[in-house]
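Below is one structure, written out as C-alpha cells; the observations come after it.
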Amino acid sequence: MTDAKKQPVRNAAARRRYAERTAKRICTHCGKAPSFGASRCQACARRAYERSEHVRGLPVYGSEFTVVHAATGEILDNLEHWEDVVLCVSFAKLSFDDVEILQEHAPMRSVLTGFS
Ligand SMILES: [Zn+2]
C-alpha cells in the first residue's frame with residue numbers, strides 16, 4: 001500500500017538520489033557499482049534487460065512428445081507437455097513399460113536457446 005500524500009516527497013527523494021548517483025558515476029539502481037556514465041551498472045542493466053518484455057516475451061517452442069504403444073506400434077498421441085503424456089498413458093490404462101515416448105525438439109528451439 002502506498003501513502004498518496006507521501007508520494008511526491010518520495011519521488012523528489014528518488015530524483016535527488018538519482019542525480020547524486022549519476023554525478024558520482026555510480027549505478028542509479030544499486031548505488032554501488034560504477035556505471036561508467038550509463039544510468040545503471042552492467043549487472044543491474046543485464047538484470048533489467050532480462051526481466052523486460054523483449055526477453056520474457058520470446059516464445060519458447062517446446063519439445064513434442066509422441067506416445068507410441070510399444071506392442072502394437074500404434075501412435076496414441078502427439079503432445080506438447082510432459083504432463084499430458086503422463087495423463088495420456090494413464091487414461092489409456094497403460095504404464096510407461098507399455099509405451100515408447102519419442103521426444104522431438106522443435107527445429108527453432110536450439111537456435112533460440114543456443115543449445116540442444
Ligand atoms: Zn547496479
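Please treat every number below as a calculation from the coordinates, not as lab data. Predicted model, so just to flag it, every value in this text is computed and none were measured. Counting neighbours? That spans all protein chains shown, and the Cβs are built from the backbone with ideal geometry, glycine included.
Below is a table of values for the structure above.
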| read-out | value |
| --- | --- |
| Amide hydrogen neighbours beyond the local backbone of residue 100, cut-off 5 Å, H modeled | 68, 69, 70 |
| For residue 28, residues with placed amide H under 5 Å, excluding near neighbours | 40, 41 |
| Additional length obtainable on full extension of the chain from residue 94 to residue 23, 0.36 nm per residue less Cα span | 18.8 nm |
| Mean Cβ count within 10 Å, highest first, over the residues of peptides 34-44, 15-25 | 34-44, 15-25 |
